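Following: one structure in structure tokens, then a few remarks.
The values are calculated or read from the model by the stated rules, or taken from the named source; none is laboratory data. For clarity, every value in this text was computed on a predicted model and none was experimentally measured. Counting neighbours? That spans all protein chains shown, and the Cβs are built from the backbone with ideal geometry, glycine included.
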Amino acid sequence: MADSPLIDKSKLFALEVIRACKALREAKCEGALISQFLRSGTSVGANIREAFYAQGKADFIAKMQIALKECSETEYWIELLLESGYYDDASMLERCTEIKRMLIASLNTAKKNNI
């Protein structure tokens, strides 16, 4: 697999989500919030990785769209965690938004080249 900034950034982000969830558990944050945040935050990179082994362009686009949906959901959970006071590192939201922008750009390119 060729080096991909999107794969690299999403993996680093997933690791950051895992570490944040550990801290949230220690802080006695709501378990449901942690579970949803962990699931969606780690799913972004997993779907991006799957997309790079897609069975064709349509499959690639579908996997990347799932990654985008998961990224958007993760953004929501981070916003809730920040606004509720459970978490205070707003830079995580910035990294999530950066990955979302990269996904949108990749999808736009893939769709344009698929026509």
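If you go through segment 52-104 and pick out every residue that is more than 22 Å from Ala20 (Cα to Cα), aliphatic (A, V, I, L, M) and in a helix (DSSP H, G or I), you end up with 8.
Selection of segment 1-39 for residues being crowded, with 16+ Cβ neighbours inside 10 Å, closer than 16 Å to Trp77 by Cα and either among the hydrophobic types (A, V, I, L, M, F, W, C) or more than 18 Å from the chain's Cα centre (by Cα) (or both) yields Phe13, Ala14, Val17, Ala20, Cys21, Leu24, Cys29, Leu33, Ile34, Phe37, Leu38.
Residues considered: Ala90, Ala62, Ala51, Ala110. Of these, the only one that is more than 16 Å from the chain's Cα centre (by Cα) and among the small types (Gly, Ala, Ser) is Ala110.
Every condition in (1) out of contact with any Phe, Trp or Tyr (no Cβ under 8 Å at 6 or more places or on another chain); (2) within 26 Å of Lys111 (Cβ to Cβ); (3) at pLDDT 95 or above; (4) of a type in the set (Gly, Ala, Ser) is met by Gly45 except one, and the failing one is (1).
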